[in-house]
Amino acid sequence: MPDIDNIITSIWNSVVLFFGLPWEEYLTTLWGIFIVLDGVLVVLFVILVVKAKTFAPPISKRYTRPSLSGLLKHKKLIEKYVSMWKKIQDDAESAPPHSYTTAIVNADILIDELLQDAGFEGKDMGERLGKLNGFGLKTLNGVWRAHRLRNKIVHTSDFEASKHAKDETLAVYENFLKEIKVLE
């Protein structure tokens, strides 16, 4: 059986030897190794970011909202909508009260065509309007209300809009067209 004094002495000698090692030299070497590893990791990170940029959309597409008027100007369609709007306004007073209802429906059709021409997809105008939520348009809620009135007109037999409803609805659509810079 080993002698307990020898075991304690050998443990003590190991501890003294461990703490007697040149730790400052070891830590300096380790510090140097970590500096080199950090440099390699930074270089690899930069390479990764550069390669990843080829898969990212251009910054102009990531951080700017598409402009409805910009899309329509690009397609040379603004004049079409300005003339349609003027015709709707002229026709709105032609044969009241039926012309009020027709004006609201035609204004809604104009907005729907505009959204389609601007590239907004969807099975109906409601879906296309829903895609405008991220644009921060102040008039969007009003357009939704006007569209619901149009739906009521179309789906309710013998519904006739009042002059007040026509004026209010056309004002909403006009403000929307001004906000997206189709009208001035």
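What net charge do the residues around residue 122 carry, taking every other residue with its C-beta under 15 Å from that of residue 122, with Lys and Arg at +1 and Asp and Glu at -1?
Combined, the nearby Lys, Arg, Asp and Glu give -4.
Using the beta-carbon distance between residue 11 and residue 45 and R0 = 41 Å, what value does 1/(1 + (r/R0)^6) give for FRET efficiency, to the nearest 0.05?
Rounded to the nearest 0.05, the efficiency is 0.35.
For the pairs 80/181; 87/152; 76/181, note any where the Cα-Cα span goes beyond 18 Å.
As for pairs spanning more than 18 Å Cα to Cα, those are 87/152.
Give me the one-decimal nm value for the distance between modelled label points at residue 133 and residue 163, 7 Å along each residue's Cα-to-Cβ direction.
3.9
Pull up the cross-link candidates among the aspartates and glutamates for residue 166, meaning alpha carbon to alpha carbon under 14 Å and not fewer than 8 places away within one chain.
90, 91, 93, 108, 174
Taking H as built 1.01 Å from N, whose amide H comes closer than 5 Å to the amide H of residue 118, not counting residues under 5 places away?
The list, which skips near neighbours in sequence, is empty: none.
So who's got an amide H within less than 5 Å of the one on residue 161, skipping anything under 5 residues away but keeping other chains? H placed 1.01 Å off N, in plane.
101
Residue 117 versus residue 181, label points 7 Å from Cα toward the beta carbon: distance in nm?
About 1.7 nm separates the two model spin labels.
Per 0.36 nm of contour for each residue apart, how much would the distance between residue 38 and residue 151 grow if the chain were fully extended, relative to their Cα-Cα spacing?
Net length gain for the segment: 34.3 nm.
FRET efficiency for residue 79 and residue 171, Cβ-Cβ distance as r, R0 = 30 Å, nearest 0.05?
According to the calculation, E is roughly 0.85.
Which one, [x] 1.13; [y] 0.98; [z] 1.62, gives Rg/Rh (Cα atoms, Kirkwood Rh) as derived from the coordinates shown?
[z]
Rule-based calculations on the coordinates, nothing more; no lab input. Remember, predicted model here, so these are calculated numbers, not experimental data. Cβ coordinates were reconstructed from backbone atoms using ideal geometry, including for glycine residues, and neighbour counts include every protein chain displayed.
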